[in-house]
Amino acid sequence: MHNSRIILATITARYAHTAFGLRCLWANLGAFQRETEIREFHLKQAPLDIAERLLAAAPEILGVGAYIWNVDRVTQVVQAIKGVRPEIVVVIGGPEASHEYEGTPLFEAADYLVRGEGEAAFAALVRDLAAGTPPKSKMIEGGRPDLADLVPPYDAYTDEDLQHRLIYVEGSRGCPFHCEFCLSSLEPCVREFPLEPFLDALDKLIARGTRNLLFVDRTFNLRPSRVREVLHFLKPRWREGLRLHFEIVPDCLTDEMLDLIAEFPPGALHLELGVQTFNPAVQEAISRRQNLEKTVSNFRFLRTRTGALLHADLIIGLPGEDERSFAEGFDRLVGLAPHEIQAGVLKRLKGTPIQRHAGPHAMVFAAHPPYEILQTDCLCFGEAQRLKRFARYLDLYYNTGHFPKSLDLLWRLGPSPFGVFMGLTEHLWAACGRTHEIPLAQLARHLYEYLLDHGLDEAEAAAAIRDDFRDRPGRSDKLEFLPRP
């Protein structure tokens, strides 16, 4: 295979997302690295167009990453390539290929599946194919390589990546918790990359001008001494325009961690705080351990005494959680005023223990990706659909940051933020009949109408809508529905 070519490819959700897994594979290919290139596509590109580009590159080996958001398109790409050029060896991997793969069209079309962590296993497969001794088994177990033995992938980021895309870094793998909806629940332990080489890699990325560093660690704040070293290392290297993103467990924040976070300039840190539910019975049902009072206390500290931007997660459709319970949790979270609230819809990730709740009279998931919940023991199908629309409109109004002053008025309409926003949800759904591709000016008009319909002073509502539009750079929309100031 002296003159062969290897392509590592996947389809990301959008251009800004870099394929971290492909870079990890590339970095550990040894002598075959020079024959390998990474090809990234995104969801707006048609599968046959992607297949055409890959075929034009004439690879001998094609490695493809499959995830819940791309598996349908990846399957079409692989089927097309194998139909046209069956001699190309197609190797699949990634979370969506690693569990419940038997009988799937993707597995049937591929030549090999590398299951789980693929750096060492994929490199060994390439060596075997080059030597003319292909494995007899189609499924190759990736195992859990010693992280100290892996070559870091950070040299695979280009200058274009650093300037315009999200740069993922990885300090650890695994999670000590076992929440049943998460793939990390399958990990037996947390493994950490050696700290000094990791910090050296961060230093080089920052020196090269990266703008967005996202730590993919499932629980960044697990070990206080390591958190201390990483934050102490990053603080003097921070510069204007650099964003540092961490996923943290809020009740595991120590006083020292909170004080270190408070030392960073406003907007430097973006923290993703997993809340998921405020209902202790639901927590127990999904094997989630979280001190809710400590979560709230630390959340208030972060919001009031640090400049970190806070993104908080709730999940729609957890077992045992009805609409009333979700509403109470949402109201409590709005009271903590995070900068973003993601009301995520529960999905059945293949291999996760959440499957044990499924059944005709309990939890029913969609049969096709992204396997969203359809109904539960506590939510009928109609209620689940309403909450999904609620989540989508929350993204448009709250998480975009387009309507801060107007939403402050909305929350005043009733004692329950959930209640008033669900009212707006139903108003918007009745008027538009869709949850996507709604122009910003149209969103503003519906919010304005809803505020007036519920007794808000016309001048006050108009002033808030107008101010929100003025505060958005580049807005030229004419708000014809507003009275003249």
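Below, the figures for the structure above:
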| item | result |
| --- | --- |
| Per DSSP, loop GluC sites (Glu not before Pro) in the stretch 17-100 with at most 14 further Cβ within 10 Å | GLU87, GLU100 |
| Carbon and sulfur %, accessible surface of the stretch 172-217 computed with the full protein complex present, 1.4 Å | 56 |
| Residues of type aspartates and glutamates that LYS82 reaches as a straight line, Cα spacing below 13 Å, ignoring anything fewer than 8 places off in the same chain | GLU52, GLU60, GLU108, ASP111 |
| Cα pair distances exceeding 24 angstrom across the stretch 297-413, given as percent | 34 |
| Under 5 Å, built H, 5+ apart or other chain: amide partners of CYS378 | GLY320 |
| Mean Cα-pair separation over length for the stretch 374-485, i.e. relative contact order, pairs under 8 Å, 6 or more apart, % | 28 |
| Residues in the stretch 339-372 reached by a label modelled at LEU183 [backbone nitrogen below 11 Å; 7 Å Cα→Cβ] | 349-352 |
| Check: the chain dipole with +1 on Lys, Arg Cβ and -1 on Asp, Glu Cβ, in debye | 500 |
| Average Cα contact separation per residue, the chain, under 8 Å, 6 or more apart, as relative contact order % | 9 |
| ALA131/HIS164 FRET efficiency (R0 41 Å; Cβ-Cβ; nearest 0.05) | 0.55 |
| Förster radius 41 Å - calculated FRET efficiency between ARG324 and ARG144 (Cβ-Cβ, nearest 0.05) | 0.45 |
| Expected 222 nm ellipticity per residue - DSSP helices of 4 or more, -39500 (n - 2.57), all of the chain, to 500 | -11500 deg cm²/dmol |
| The stretch 382-436, relative contact order [Cα under 8 Å, separation at least 6], % | 38 |
| Nearest-0.05 FRET efficiency for ARG237 and LEU440, computed from C-beta distance (R0 35 Å) | 0.45 |
| Charge dipole magnitude, Cβ of K and R +1, D and E -1 - the stretch 181-281, Cα centre, debye nearest 20 | 400 |
| Listed peptides 320-327, 309-316, 73-80 by packing density, highest first (mean Cβ within 10 Å) | 73-80, 309-316, 320-327 |
| Hits among lysines - C-alpha to C-alpha of LYS204 under 26 Å, sequence gap 8 or more where chains match | LYS235 |
| Relative compactness, the stretch 5-52, computed as alpha-carbon Rg over 2.2 N^0.38 Å | 1.22 |
| Lys/Arg +1, Asp/Glu -1 at C-beta; the stretch 217-337 dipole; positive extreme among VAL249, GLY317, LEU222 | LEU222 |
| Surface per residue (accessible, 1.4 Å probe) for the stretch 97-214, Å² | 45 |
| Residues with amide H under 5 Å from that of GLY94, placed H, sequence gap 5 or more | ALA66, GLY116 |
| The stretch 154-311: antiparallel DSSP beta bridges as a percent of all, rounded to 5 | 10 |
| Diffusion constant of the chain at 25 °C, which comes from Stokes-Einstein with the Kirkwood Cα-pair radius and 0.890 mPa s, µm²/s | 100 |
| Whole-percent carbon and sulfur share, accessible surface of the stretch 348-485, 1.4 Å | 51 |
| Three semi-axes of the equivalent ellipsoid, the stretch 285-345, Cα gyration tensor, whole Å, largest first | 22, 13, 10 |
| Convex hull of Cα atoms in the stretch 86-176, direction-averaged projection (nm²) | 8.5 |
| In the stretch 292-450, lysine pairs closer than 28 Å at Cα, eight or more apart or cross-chain | 4 |
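The values are calculated or read from the model by the stated rules, or taken from the named source; none is laboratory data. This is a predicted model, so every value here is computed, not measured. Backbone-built Cβ (ideal geometry, glycine too); neighbour counts: all protein chains shown. All accessible areas refer to the heavy atoms of the entire protein, side chains included, with ligands and DNA or RNA removed. Shrake-Rupley method; radii C 1.70, N 1.55, O 1.52, S 1.80 Å.
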